[in-house]
1. Quick check on the range 346-368: of everything there that is assigned to a helix (DSSP H, G or I) and of a type in the set (S, T, N, Q), which residue is farthest from Ala314 (Cα to Cα)?
2. Exactly one of these conditions fails for Thr158: (1) buried (at least 20 other Cβ atoms within 10 Å of the Cβ); (2) assigned to a loop (DSSP other than H, G, I, E, B). Give me its number.
3. If you scan the range 160-211, which residues turn out to be farther than 20 Å from Glu223 by Cβ and hydroxyl-bearing (Ser, Thr, Tyr)?
4. Provide a single number: the residues in the range 196-226 that are in a helix (DSSP H, G or I) and either surrounded by 14 or more Cβ atoms within 10 Å (Cβ to Cβ) or not charged (D, E, K, R) (or both).
5. Kindly provide the set of residues from the range 285-310 that are part of a helix (DSSP H, G or I) and β-branched (Val, Ile, Thr), ordered by number.
6. Would the range 306-318 turn up any residue that is of a type in the set (Gly, Ala, Ser) and touching a residue at least 40 places away in the same chain (Cβ under 8 Å)?
7. Could you tell me whether the range 322-337 includes any residue that is among the β-branched types (Val, Ile, Thr), crowded, with 16+ Cβ neighbours inside 10 Å, within 19 Å of Glu181 (Cα to Cα) and out of contact with any strand residue (DSSP E or B) (no Cβ under 7 Å at 6 or more places or on another chain)?
8. I need every pair where a residue in the range 327-350 that is in contact (Cβ under 8 Å) with a residue 60 or more places away in the chain has its Cβ under 9 Å from the Cβ of a residue that is of a type in the set (Asp, Glu), sequence separation at least 6 or different chains.
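The values are calculated or read from the model by the stated rules, or taken from the named source; none is laboratory data. Here the structure is a predicted model, which means the values were calculated and not measured. All Cβ positions, glycine included, derive from the backbone under ideal geometry; neighbour counts span all protein chains shown.
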Amino acid sequence: MEKLKKRVLEYLAVRQLKNNLKGPILCFVGPPGVGKTSVGRSVAKTLGREFHRIALGGVCDQSDIRGHSVTLSVFLQSVGVRGRAQGSVLPPGLPTSHAEQSQRLAAAAEFVPWSHRDGSVSPPPQVLDPEQNHNFTDHYLNVAFDLSQVLFIATANTTATIPAALLDRMEVIQVPGYTQEEKIEIAHRHLIPKQLDQHGLTPQQLQIPPATTLGIITRYTREAGVRSLDRKLGAICRAVAVKVAEGPHREAKLERADTMEAEASGSFDLLDNTDIHLHFPAGAVTKDGPSAGVTIVTCLASLFSGRLVRSDVAMTGEITLRGLVLPVGGIKDKVLAAHRAGLKRVILPQRNEKDLEEIPGNVRRDLSFVTASCLDEVLNAAFDGGFSVKARPGLLNSKL
């Protein structure tokens, strides 16, 4: 979030020095619920502009962006012109230039790839091209509009589905997930007051201490953002609202209770005539990537040697057939996830050591980092007392 704030602050500073600065095409990319749209709304409020959100989910035709021709039976203006008209704060009938009117609008959109019915991808719309949107022509009105002063902010969960030509015209800013401390602060500043207001409760009727909020985050939510946390707080408010409606108004205060440790009975996976069984749990990310390479090798080493891996260790990294550990992406999000899970040691590729600068100081202090360049270093850090491949000849020999 610091990089995002810094970039927005740079734009506001340059905007103060140069009033006719062309609005950039920013694209906030991050997991759901981390506040991408909220940042766009805050930017519009800071600039004194009207905020208009353009939902582009399911849009597959550029005519929805540029407008339909008046010769069609279902003709409409473009979403850009409709949004600008709805976002205008000028009194009706007051003549103004297109530039003046467009300066009063900040737009945010969640983009999907535009494609024809035959599946071919369309070129990026003119409205999102900084070199062309100063002379944007709406097909319905057949009038040129200057949209160069509009600040367009796109939001997306991933860049994989955005066409390369469109992605090249936008400035992509990664929005990472929140830490536990940030989630607690967001909950008590924004989420809890919002839920109390929506459910007709007062702060005297429901008090949620920070310790309870932390318990909800660690035990009932597994996310980078705060959407699930918001839903859990809403469920608590509904339960309290029922109690308040049933009887006389009395103060309801939630305290963090000690939960009973339930005895876990393990189930054994009996596989006949199977050499290796790889199990990826339901929480796995449905995305191709090499980040689990060292983890899989460590699991196999534990299986073949009969030794247990440390229960407080997390690891990531790509592994080669020669046992070299290669760098991977998303280090900050992975380290934050390990911290939320209560782990104490994190094994990373040595070439990812520079990415530790992005980790918050309080998180770095709680974790022990081990950087590895080869498989031996990973195994020595993952097992108590180290792991010697030579002690078990033929265990992990290369097949090359």
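1. Per the stated criteria, the residue is Asn362.
2. (1)
3. Thr161, Thr202
4. The total comes to 12.
5. Matches in the range 285-310: Val294, Thr295, Ile296, Val297, Thr298.
6. yes
7. Looking through the range 322-337, none of the residues is among the β-branched types (Val, Ile, Thr), crowded, with 16+ Cβ neighbours inside 10 Å, within 19 Å of Glu181 (Cα to Cα) and out of contact with any strand residue (DSSP E or B) (no Cβ under 7 Å at 6 or more places or on another chain).
8. Final answer for the pair search is Lys332/Asp355; Lys332/Glu358; His339/Asp366; Gly342/Asp312.
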